[in-house]
Amino acid sequence: MIKSKFLGMVVVVFIILNLSVLLAQDSNEKASDSEMSDIIIKGEAKDKIEIKKEPAKIDVKIEELLDSSTEKTEELLQNDIVVPSKSDFAQFNLLTGDQVFRPYLPDILTPPLVSFYPRLSQGRIKAWRLVVTDEEGSLVRIMKGKGLPRKVILWDGKDKSGKMIEVDVIYSFKFITVDLDSREHTTLGKSFQVDSLMYEEKGKLFIKIANKALYTKRKAVFSKTGKQLLDKTIDVLRQYSRHPFSIETLYKGGKQEYELAHERTQELVDYITDEMIIVLKDMRFKVKKEEEKKITIFTVHLK
């Protein structure tokens, strides 16, 4: 009995001691909390770091987003649409002496070939005549009239038989007036020579170029002027592209001239096929010996 009471008292004392320790710790924690709440720190920090993040800004002008072509398209759509008619393309099938394709190229002569401006005498004139001869002195053409002549006398280039004159031939003319006393007054004109010529005859269009103007001397190489004349000729061939054409190289001489004519023809054909993008089967060409002429002839078969 005594031992059991003693043990009970020991347990009670142990519990009391533990409770007192717990109460003491709790009071210390409360005291520390109350003490920290009473501490105030005053003052300013010497270093300050401010970090600001700027928002991204995108300035967009709506008018800059519009394509300039949009306005043009809208403007076109507001107008009436013009559909080209057949007559609008008819001009590309016409060929006149005043028509210009590439103005920087030399012109190929077309009828009328020569314009004469006669000097009128002070006396009265009852008749006049214009006489054209070739380099051999043979008569080519006579044009005449009564009274005062016109200020300008145009010659279409045809001879007395109605055939067109040839290129690479020297021609001369003289103008004769007859006064009231039947006395003749002759004015000699300057000689002239045609290096290129284009005319239409019997359903064919002919373009003739003197070989000495088309090529350099004794070579199968185009001269500067010759290449320009050839480019002008190609412009005409393009215009008549729906019609077949042929090329004929005329030469005179022996074997060397024959071989040179073939080399020149080959050079000519190569140049034309490259410029016009055509094949050889669409073009006919030949070399022909001629006792008097050294020219190249382009013939467009219109019919």
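Computed from the coordinates by the stated procedures, all read-outs in this text should not be read as laboratory data. Because the structure is a prediction, the values reported are computed rather than measured. Cβ placement follows ideal geometry from the backbone for every residue including glycine, while neighbour counts extend to all protein chains displayed.
Neighbour counts of other C-beta atoms within 10 Å: give me Arg264, Arg183, Arg238 arranged from fewest to most. Could the numbers behind the result be given before it?
On the way: Arg264 21, Arg183 9, Arg238 12.
Ranked by crowding around the Cβ, least crowded first: Arg183, Arg238, Arg264.
Using the number of other C-beta atoms within 10 angstrom as an exposure proxy, rank Phe298, Phe285 with the fewest first.
Phe285, Phe298
When a/c is below 1.5 the answer is rounded, else prolate if a/b is larger than b/c, else oblate, so apply that to segment 173-253 with a ≥ b ≥ c taken from the square roots of the Cα gyration tensor eigenvalues. Working shown, then result.
Details: a/c = 3.20, a/b = 1.90, b/c = 1.68.
Prolate, since a/c reaches 1.5 and a/b exceeds b/c.
Short version: what are the Cα gyration tensor semi-axes of segment 143-291, square root of 5 times each eigenvalue, largest first, in whole Å?
Values: eigenvalues 291, 70, 36 Å².
Working from the Cα gyration tensor, I get semi-axes of 38, 19, 13 Å.
When Lys and Arg each count +1 and Asp and Glu each count -1, what net charge do the other residues less than 14 Å away from Val221, Cβ to Cβ, add up to?
On the way: positive: Lys212, Lys217, Arg218, Lys219, Lys224, Lys227, Arg264; negative: Glu263, Glu267, Asp270.
Net charge in that neighbourhood comes out at +4.
Please state the shape class of segment 114-193: rounded when a/c is under 1.5, otherwise prolate if a/b exceeds b/c and oblate if not, all from the C-alpha gyration tensor.
Verdict is prolate for segment 114-193.
If we count every other residue with Cβ under 14 angstrom of Lys146's Cβ, Lys/Arg +1 and Asp/Glu -1, where does the sum land?
On the way: positive: Arg124, Lys126, Arg129, Lys144, Arg150; negative: Asp179.
Once all neighbours under 14 Å are counted, the net charge is +4.
Can you give the net charge of the other residues whose Cβ lies under 10 Å from the Cβ of Thr133, counting K and R as +1 and D and E as -1? Walk me through the numbers on the way to the answer.
Numbers: positive: Arg141, Lys174; negative: Asp134, Glu135, Glu136.
Result for the local shell: -1.
Within the set Lys158/Lys294; Lys126/Lys208; Lys144/Lys303; Lys232/Lys293; Lys144/Lys252; Lys160/Lys227, which residue pairs have Cα atoms separated by over 31 Å?
Details: Lys158/Lys294 20 Å; Lys126/Lys208 39 Å; Lys144/Lys303 35 Å; Lys232/Lys293 22 Å; Lys144/Lys252 37 Å; Lys160/Lys227 33 Å.
Correct reply: Lys126/Lys208; Lys144/Lys303; Lys144/Lys252; Lys160/Lys227.
Mind sorting Tyr271, Tyr215 by how few other Cβ atoms lie within 10 Å of their own Cβ, fewest first? Please report the intermediate quantities before stating the final value.
On the way: Tyr271 15, Tyr215 23.
By the 10 Å Cβ count, ascending: Tyr271, Tyr215.
If you take the beta carbon distance between Val269 and Lys202 as r and set R0 to 22 Å, what does 1/(1 + (r/R0)^6) give as a FRET efficiency, to the nearest 0.05?
On the way: r = 25 Å, r/R0 = 1.16.
Using R0 = 22 Å, I get an efficiency of 0.30.
Listed here are the pairs Lys219/Lys289; Lys163/Lys219; Lys151/Lys204; Lys204/Lys255; Lys174/Lys219; which of them are more than 27 Å apart at the Cα?
Lys163/Lys219; Lys151/Lys204; Lys204/Lys255; Lys174/Lys219
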